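These notes are about the structure you will find just below.
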Amino acid sequence: MKSYRKELTIYTETRYAFLNITGDVQKAIDESGIKEGLVLVNPMHISASCFINDDESGLHHDFHKWLEKLAPHAPTSQWRHNDTGEDNADAHLKRQIMGREVVCAITKGSLDFGTWEQIFYGEFDGMRKKRVLIKIIGM
Amino acid sequence: MKSYRKELTIYTETRYAFLNITGDVQKAIDESGIKEGLVLVNPMHISASCFINDDESGLHHDFHKWLEKLAPHAPTSQWRHNDTGEDNADAHLKRQIMGREVVCAITKGSLDFGTWEQIFYGEFDGMRKKRVLIKIIGM
Amino acid sequence: MKSYRKELTIYTETRYAFLNITGDVQKAIDESGIKEGLVLVNPMHISASCFINDDESGLHHDFHKWLEKLAPHAPTSQWRHNDTGEDNADAHLKRQIMGREVVCAITKGSLDFGTWEQIFYGEFDGMRKKRVLIKIIGM
């Protein structure tokens, strides 16, 4: 059994953003030399998500609009978390809908994905440096 | 360490459906010969979910009604993704609420589950052939 | 490769509660002797969640209020699941938003976490004995 660990560094210019990190995850798998196993991908933060969905800009627009409706940013005073001086309560909620982590299969050295599966980093409180953890175990 | 991979083929007659696939997952574990480990179960599609909940028809009715309220199918023009010619934007959103994948423990060769835990395939864009990936690692 | 299994027993005095179980998970990792691997943490019940977010009481208040809005408990007659004699349909729905399980990396014998990541047990149908499964695989 082998394991491999890697961190990605993320910085988005906007509060909300979706970044396709599929290539970064495959690169980490290549570096690991692991051919059969599992890869865990998660933000090391609680106001962001890693999730798998479609790389289609219209859908990303829909996600942002939909998340804003389900867990609105403003007025920031509606959330007690913001009494701490933060204004990112909505980011903690949005990340629960989108999920924290993805676990993916590795088969013959590659992400074992269907045609349209792509891994995204979902930022809900950007404009600061963030980290994504990639942990691989297998053989 | 050992690994095992299997695909299930799914076809539902309706756009929305929940299928109990617990027996299929246990069968794959049996075939693998793995006694201690983890099993990942995920659709290879981005408009479907694998999730764990109760096998109770009233609850499934509630899930469908609730998801339709949170992420409505119609009017399809409300979602920009549908400008691509698709009509399944709601399926991409519903799958985020229900989650993409489940990761389950295998102990002594069996799914290590509580009394009521059952694995479901949740279809939100059916009437076409879909695949579910089962990946097992352990010993 | 090694594996380790442990159950936590949970009892909450209230129907809804969030408990920080990060220390319990780290203790299980210590007991396992596993230095590199993955840990799965999930309730063995379908009306509860394990999730990772902030240990901040204002945010927990926000989560409870928000979940109640998205999947209200009352009137209980709005959910067909409650026709079975249960009154916990909302718990099954709330758990889907918060997710069932967390999978975390273990590096050098410790939970490989960012600064603010904490693991919670989210109870949505308490006042009865519940179990949490911790399954660790690695080396």
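The values are calculated or read from the model by the stated rules, or taken from the named source; none is laboratory data. Fair warning: this is a prediction, and the values are worked out from it, not measured in the lab. Every residue, glycine as well, gets a Cβ built from its backbone with ideal geometry; the counts of neighbours run over all protein chains shown. Accessible surface is based on the protein model in full, side chains and every heavy atom, while ligands, DNA and RNA are left aside. Shrake-Rupley method; radii C 1.70, N 1.55, O 1.52, S 1.80 Å.
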Query raised in the report: To one decimal place, what orientation-averaged projected area in nm² is obtained for the convex hull of the Cα set of the protein assembly as shown?
Result: 18.5
Requested in this report: Hey, for a label at C:LYS2 modelled as a point 7 Å past Cα toward Cβ, could you say which residues of the stretch C:32-59 have their backbone N under 20 Å away?
Outcome: C:32-41
Requested in this report: With runs of 4+ DSSP H residues as the only contributors, calculate the mean residue ellipticity of chain B at 222 nm using -39,500 (n - 2.57) per run, divided by the residue total and rounded to the nearest 500.
Outcome: -8000 deg cm²/dmol
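Percent of accessible area on chain C owned by carbon and sulfur, 1.4 Å probe? Show your work: numbers first, answer last.
Numbers: 2540 of 5080 Å².
Roughly 50 percent, rounded to a whole number.
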Query raised in the report: Using a label point 7 angstrom from Cα along Cα-to-C-beta, what distances in nm, from shortest up, separate B:TRP116 from the other copies?
Result: 3.3, 3.3
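Return the equivalent ellipsoid semi-axes of chain B as a descending list in whole Å, where each equals the square root of 5 times an eigenvalue of the C-alpha gyration tensor. Write out the running numbers ahead of the final one.
On the way: eigenvalues 183, 50, 26 Å².
Listed largest to smallest, the semi-axes of chain B are 30, 16, 11 Å.
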Report task. Using only the alpha carbons of the stretch B:1-40, determine the length spanned along each of the three principal axes and report them from longest to shortest in whole angstroms. Result -> 40, 14, 14
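If the convex hull of the alpha-carbon atoms of the stretch C:56-100 is projected onto planes in all directions, what is the mean projected area in square nanometres?
On the way: hull surface 13.8 nm².
Orientation-averaged projected area of the Cα hull: 3.5 nm².
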Query raised in the report: Sorted from shortest, what are the nm distances separating the label point of B:ASP55 from equivalent points in the other copies, each placed 7 Å from Cα along Cα to C-beta?
Result: 3.9, 3.9
**Report entry** Summed buried accessible surface, chains C and B, 1.4 Å probe, nearest 100 Å²
**Finding:** 2600
Query - Mean Kyte hydropathy of -1.0 or more with a Cα span along the axis of at least 18 Å, helices from DSSP in chain B - result: B:57-70
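Once the Cβ-Cβ distance between B:HIS64 and C:THR14 is put in as r, and R0 is 35 Å, what FRET efficiency do you end up with, to the nearest 0.05? Don't skip to the answer; put the middle values down first.
Details: r = 30 Å, r/R0 = 0.85.
Efficiency for this residue pair is about 0.75.
Quick one: of B:LYS35/B:LYS65; B:LYS27/B:LYS65; A:LYS65/C:LYS135; C:LYS27/C:LYS69; A:LYS135/B:LYS94; B:LYS94/B:LYS135, which pairs are farther than 30 Å apart, Cα to Cα?
On the way: B:LYS35/B:LYS65 39 Å; B:LYS27/B:LYS65 32 Å; A:LYS65/C:LYS135 37 Å; C:LYS27/C:LYS69 36 Å; A:LYS135/B:LYS94 28 Å; B:LYS94/B:LYS135 24 Å.
The answer is B:LYS35/B:LYS65; B:LYS27/B:LYS65; A:LYS65/C:LYS135; C:LYS27/C:LYS69.
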**Report entry** Label geometry 7 Å along the beta-carbon vector: A:ASN20 inter-copy distances in nm
**Finding:** 4.0, 4.0
